[in-house]
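In what follows, a single structure is set out as structure tokens and then discussed.
Only the coordinates and a few stated rules stand behind these numbers; no lab work does. Quick caveat, the model's predicted, so the values are computed rather than measured. All Cβ positions, even for glycine, are placed from backbone atoms using ideal geometry, and neighbour counts span all protein chains on display.
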Amino acid sequence: MLSLAPTTAAVKLHEASELIHRLPQTFDRLVDGSITMMHARAVIDASRFLPDRAVAELEKRVVAK
């Protein structure tokens, strides 16, 4: 059984969904260890209100290898 508050679990699920669906380059960098979850959260936060096209540009600029 997970010992997470429902709100905490919802936040984690949202972050995972954003990484998989909108921020695949950020997810790849997180998986390979070249960025931390703190960095990934900063990208998630920065992309929150951006349209998909702008999110792709954001990733090119901030998480490009």
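Key figures
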| read-out | value |
| --- | --- |
| Extension reserve of the LYS60-ALA10 stretch, reckoned as 0.36 nm per residue once the Cα distance is removed | 15.2 nm |
| Which label in [x] 31, 18, 4; [y] 22, 14, 9; [z] 16, 13, 12 gives the computed semi-axes √(5λ) of the Cα gyration tensor in Å | [y] |
| Packing-based exposure ordering (other Cβ within 10 Å, fewest first) of ILE20, ILE44 | ILE20, ILE44 |
